[in-house]
Amino acid sequence: MAVDALKSRRLSELREFLMSRRARVSPAEAGLPDGGARRRTPGLRREEVAVLAGVGASWYQWLEQGRDISVSPQVLDSVARVLRLSNAERRHLYALAGLNPPAPEPAADHGCEGIRRLIDAWMPFPAHIMDRYYNCVMYNEAAGWVLGLRPENTQNCLVDFFTDPLYRSRSQSWERNARTVVAQFRAMCADRPDDEGLQVVLAEVSAVSPEFVALWERRDILDAGVVRKELEHPLVGLLCVESTALRVPARQDLTIVLHTPLEEANTVAKLEWLASAEGRRGAMYPVAG
């Protein structure tokens, strides 16, 4: 389909979308008198949306008519507020208006208890949750025993990967995985170049790890995928797992990282032993390193 035809279709959908959203908001919901019998149609009038959003009546009329006009995120947010758009509808409005949709907003605590149950049910295999800035939100017991996740760490998975001596001493695949981790982080930064939070993380890890800086300057870039890890645990020896990062639909600011045991090195039996009463007693007196 030609570019002009695609734009025409998008603007037509914008017109229909705005009209349908305006029709479902009553004057009372918007804090206006209902107008009684003078109203021929339900919902708000165009002029009322314009006043409540703080934009010109003509400009809003042109927007709803699907004219090819310039729009700003601030104005679209005002219109979205008046029309009581959900987060998904607001992103859809951005896309129809020809702007890059904003990142989904997390629904406060929605799904967190279910996620906690999920990673606990993944036992005896390691699992943890990261936010979009690699901060560790929660982890199960196995992630503590195997990966060394613990409260005294920075709780940022990228920073800890490069600075935690315990994890570094256990990881037999550290050099290979470091290249992958940095390349995947660069891909995320490239996808969100204006995200100040990612720039803060970049500055933090660059300040404490020359190895990260050297890998960052290679400018390798990779999409997220399965990562193989080989870990030498002080109690059970070699563990071979692969980690898979999964986005959480209900909380798109969160990523679940599940570690699946591979058939090599009798990994399943070793992880099961670490979760047993005998293994837990042994973990109370871990071998150094």
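The values are calculated or read from the model by the stated rules, or taken from the named source; none is laboratory data. Bear in mind that the values here come from a model prediction, so they are computed numbers and not experimental data. Glycine gets a Cβ as well: all are built from the backbone with ideal geometry, and neighbour counts include every protein chain shown. Only protein heavy atoms, including side chains, enter the accessible area calculation; ligands, DNA and RNA are left aside. Shrake-Rupley method; radii C 1.70, N 1.55, O 1.52, S 1.80 Å.
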Have a look at 221, 209, 282 and report the one farthest towards the positive end of the charge dipole of the stretch 166-289, computed about the Cα centre with Cβ charges (Lys/Arg +1, Asp/Glu -1).
282
³J(HN,Hα) computed for each position of the stretch 218-223 - Karplus, 6.51 cos²θ - 1.76 cosθ + 1.60, integer Hz, glycine/proline x
6, 6, 6, 9, 9, 6
Where a ≥ b ≥ c are root eigenvalues of the Cα gyration tensor, a/c under 1.5 meaning rounded, otherwise prolate if a/b exceeds b/c and oblate otherwise, the stretch 146-187 counts as oblate
To the nearest 10 square angstrom, what accessible area does residue 139 show with a 1.4 Å probe?
60
I'd like the GluC sites (Glu not before Pro) in the stretch 99-193 restricted to DSSP loop residues with at most 11 other Cβ atoms within 10 Å, sorted by number.
152
With the cut-off at 1.5 for a/c, could you classify the stretch 87-207 from its C-alpha gyration tensor as rounded, prolate or oblate?
oblate
How big is the accessible area of residue 236 in square angstrom, nearest 10, if you roll a 1.4 angstrom probe over the protein chains?
30
Where does each of 163, 154, 180 land when they are ordered by accessible area, with a 1.4 Å probe and the largest first?
154, 163, 180
At what distance in nm do the modelled label points of residue 173 and residue 58 sit from each other, each positioned 7 Å from its Cα along Cα→Cβ?
6.4
Each label sits 7 Å from Cα toward the beta-carbon; between residue 24 and residue 113 the label points are separated, in nm, by 2.7
Among [x] 20.5; [y] 16.2; [z] 19.0, which one is mean projected area of the Cα convex hull in nm² computed from these coordinates?
[x]
Starting from the residue with the highest accessible area, list 212, 161 in decreasing order, probe 1.4 Å.
161, 212
Which of 145, 52, 273 sits farthest toward the positive end of the charge dipole of the chain, with +1 on the Cβ of Lys and Arg and -1 on the Cβ of Asp and Glu?
52
Considering only protein heavy atoms and a probe of 1.4 Å, how much of the accessible area of the chain is carbon and sulfur, as a whole percent?
54
Roughly how much of residue 206 is accessible, in Å² to the nearest 10, using a 1.4 Å probe?
40
Roughly how far apart, in whole Å, are the Cα centres of the stretch 110-158 and the stretch 2-26?
42
Amide H to amide H, which residues 5 or more places from residue 156 or on other chains are under 5 Å from it, using H placed in the peptide plane?
136
So how do 130, 19 rank on accessible area, 1.4 Å probe, biggest first, that is with the largest at the start?
19, 130
With the crude spin-label approximation of a point 7 Å out along Cα→Cβ, what separation in nm comes out for residue 221 versus residue 69?
3.6
